[in-house]
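Working notes, beginning with the structure itself.
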Amino acid sequence: MPPKFSKEMMEKVIFPDRLEYQPRTSPCEAHCPAGNPIQKAHALVKENRVEEALEYLRCRNPFPGITGRVCAHPCEQACNRKEYDDSLSIRALERFSADHADLTRVARPRRREGSGKKMAIIGSGPAGMTCAYYSALLGHDVTVFETAPALGGIPRMAIPDFRLPKDVVDREVGRVLETGVHARTNTAVGRDIGFDEIRREFDACLIAAGTWKERSLDVPGAEFSLPAVWFLRQVALGRRDLIGDKVVIMGGGGVAFDCAFTAKRLGANEVHVMCVEGETNMCASMEDIAQAKAEGVFILNSRMISQVLHDGIKATGIEYFQISSFEFDEKGGLSVKPATSERNTIPSDTVISAVGVLPDLGFLDGKEHFRFTPKGTLEVDPKTLATTVDGVFAAGDIVSGPATVAEAVGSGRRAAIAIDRYLVNGRTTNLGLVRISDEGHVVVEDSASESEPHVVAYEEIMNVDHFEKQERRASERVPPGVSSRSLEEIDRGLREEHAATEAARCFHCGHCTSCGCCVEDCAGLILAMAEDGPRVAYYEECWHCGCCRIACPSGAVLYEFPLNMLV
Ligand SMILES: Cc1cc2nc3c(=O)[nH]c(=O)nc-3n(C[C@H](O)[C@H](O)[C@H](O)COP(=O)(O)OP(=O)(O)OC[C@H]3O[C@@H](n4cnc5c(N)ncnc54)[C@H](O)[C@@H]3O)c2cc1C
Ligand code: SF4
Ligand code: SF4
Ligand code: SF4
């Protein structure tokens, strides 16, 4: 069997993430929860075609300016280039396309003809708004219900401005609304409109309400501490009076660090983050921990608060002890083993508890038979995100528990396709192929391969010498001494002059870039270059020498049995 070539994605595909003619893929794409077409975007940024890069990204992710700032970038940890010199700045390149594209030149996909079907979405976070965007493009009449006064969920209401400026959220949410999505803000389902009314008025419904109920510390005086997300939300709404000079935050995740950075910027002099985890297994990202240390935040590991001290009006400090181990039960409840009976105290003006969040599904009135997981999240079919109630789907944190923006985007997009299939065909199986045609129309075809492609490992790229070793260009950050005193965005992004050279470092693992190396090195001259890349010109003549495989700098050549020992 002569070689096959796994080609770069040339179509704007909304679903599925991979196509039949792409039997191989890269680790970065395999690890991106949003499903970004990373290599295609890199190929376009390399040629300074930033508007097209953004068009491709938006086929899968309406929020590249948000994920390009706050995603924990699992793609970069998986990048093959790190074995050669350093991983690509994938997140910064994603943000670059979102920030630098001339929006007047970015093509807008045209909505499919109206289906006459009405869809309700509860919650305007990344999951709800992603589903709203693709559902509107698929021709449905979408209404989003949101408790808060503004759309955007946690990225709008809780992630601090200095990590994610609100104008970025507004810009990307605005693009969703341009598709004709109706939004009803200040409207809590269960308070301002009943879930049963939504069920009566709409043909299908997505629950994307996130996890907004905050766990409280189970210790005396806990009522004098501020819940973390509530605190961040108040600051996002403009309050500046909640912080004193000394602040203690209980919790070791990203939310605790957001509170610490916010406290510093609101003028606190002494900020402590205390958590049960040890130094090496904290939930927060290495970036957050490094930033906190650089800004002078004190981190106290393997410690637990025993009580919040108070004067009857407000917190005055905490009492804590050292622990030797801890564990969470299946409902997320914490139990700790003290290392000593000794108790210490830290005087403080403010105590913030960042000890986790839970779903709040009180608005489901109990008349319908939803199933829940032990963590209190909604149970869904993992493929279609259908709940156990006909016509009701769920996506984002309400299904996964507290997760990430990119995961919420990925699940919102999958939910849109499943709901479309339900509304059009009355069934959610065979999710099909959804793409944007050359004329910009959204097209749905019934058959598409959902088989998982082979993820190309570094060792499979035999001609890495094709690439010169080159320094990674990363985004620039405001120096810690300055950042801790300013509300300016900490991460300034990639410099304009670095973007194309950084994108050019990409190996395009598993995808043919039509470089021609395989054709040049084919000893039997059986390969030829066609307009869309290499092809086997003399099928019968191939003697399977593997020269093309060895010559390919992208690991894009595939052999099938009996020659798979070369793959
Ligand atoms: C402080 C903080 C910082 C974070 N930082 C990051 C980060 O840096 N990177 C990252 O990837 N992830 C981060 N996350 C996690 C990320 O924001 C979430 O995983 C993501 O927003 C989940 O999206 P979602 O759409 O499921 O829910 P959400 O974003 O929570 O949106 C749900 C929406 O539903 C609304 N809602 C709830 N109940 C109702 C109701 N009854 N009626 C109407 N509306 C309702 C809520 O008001 C909210 O707007 C952070 C989370 C927090 C709390
Ligand atoms: S969304 Fe996250 S994982 Fe996906 S490309 Fe962007 S940074 Fe990487
Ligand atoms: S080199 Fe490029 S294609 Fe390969 S994993 Fe890294 S970013 Fe992805
Ligand atoms: S060598 Fe070049 S042209 Fe041939 S398959 Fe690999 S990337 Fe494509």
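Computed from the coordinates by the stated procedures, all read-outs in this text should not be read as laboratory data. Predicted model only: the values in this text are computed from it and were never measured. So basically every Cβ, Gly included, is an ideal-geometry build from the backbone, and we count neighbours across all protein chains shown.
Brief remarks on what is shown
- Angle in degrees between helix 254-265 and the longest Cα principal axis of the chain, rounded to the nearest 10: 60
- Three-way shape call for segment 389-536 based on the alpha-carbon gyration tensor, with the a/c threshold at 1.5: oblate
- Largest first and in whole Å, the equivalent-ellipsoid semi-axes of segment 478-567 read 45, 14, 9, each the square root of five times a Cα gyration tensor eigenvalue.
- Inter-site label distance for GLU468 and GLU330 at 7 Å from Cα along Cβ, in nm: 5.8
- Karplus 3J(HN,Hα) series, Hz, for segment 83-90 with 6.51 cos²θ - 1.76 cosθ + 1.60 (x for Gly, Pro): 6, 9, 9, 7, 5, 6, 7, 5
- Listed values for segment 407-423 are Karplus-derived 3J(HN,Hα) couplings in whole Hz (6.51 cos²θ - 1.76 cosθ + 1.60, θ = phi - 60°), namely 5, 5, 4, x, 6, x, 5, 4, 4, 4, 5, 5, 5, 4, 4, 5, 6, and x replaces Gly and Pro.
- Rg/Rh (Cα only; Kirkwood hydrodynamic radius) as it applies to segment 312-422: 1.15
- Cα-Cα pairs of segment 214-355 separated by more than 18 Å (percent): 52
- Computed from label points 7 Å out along Cα-Cβ, the spacing between ALA504 and ALA457 is 3.2 nm.
- The chain: radius of gyration over Cα atoms, expressed as a fraction of 2.2 N^0.38 Å: 1.04
- The ranking of LYS12, LYS367 from fewest to most other beta carbons within 10 Å of each one's beta carbon is LYS367, LYS12.
- Whether segment 355-418 is rounded, prolate or oblate, judged on the alpha carbon gyration tensor where a/c under 1.5 counts as rounded: oblate
- Cα gyration tensor shape for segment 152-233, rounded if a/c is under 1.5, else prolate or oblate: oblate
- Neighbour-count ranking [beta-carbon atoms within 10 angstrom, fewest first] of TYR538, TYR134: TYR538, TYR134
- Put in line by how crowded their Cβ is, counting other Cβ atoms within 10 Å and starting with the fewest, PHE202, PHE257 read PHE202, PHE257.
- Neighbourhood charge, 9 Å Cβ-Cβ cut-off, centred on VAL444 and excluding it, Lys, Arg +1 and Asp, Glu -1: 0
- Segment 1-52 and segment 336-380: distance between their alpha carbon centers, rounded to Å: 39
- Difference of contour (0.36 nm per residue) and Cα-Cα distance, LYS213 to SER486: 95.3 nm
- Given +1 at the Cβ of Lys and Arg, -1 at the Cβ of Asp and Glu and no other charges, the dipole of the chain around its Cα centre is 980 debye to the nearest 20.
- For the chain: relative contact order, % (alpha-carbon pairs under 8 angstrom, 6 or more apart): 22
- Dimensions (Å) - segment 1-147, Cα atoms, principal axes, largest first: 50, 40, 28
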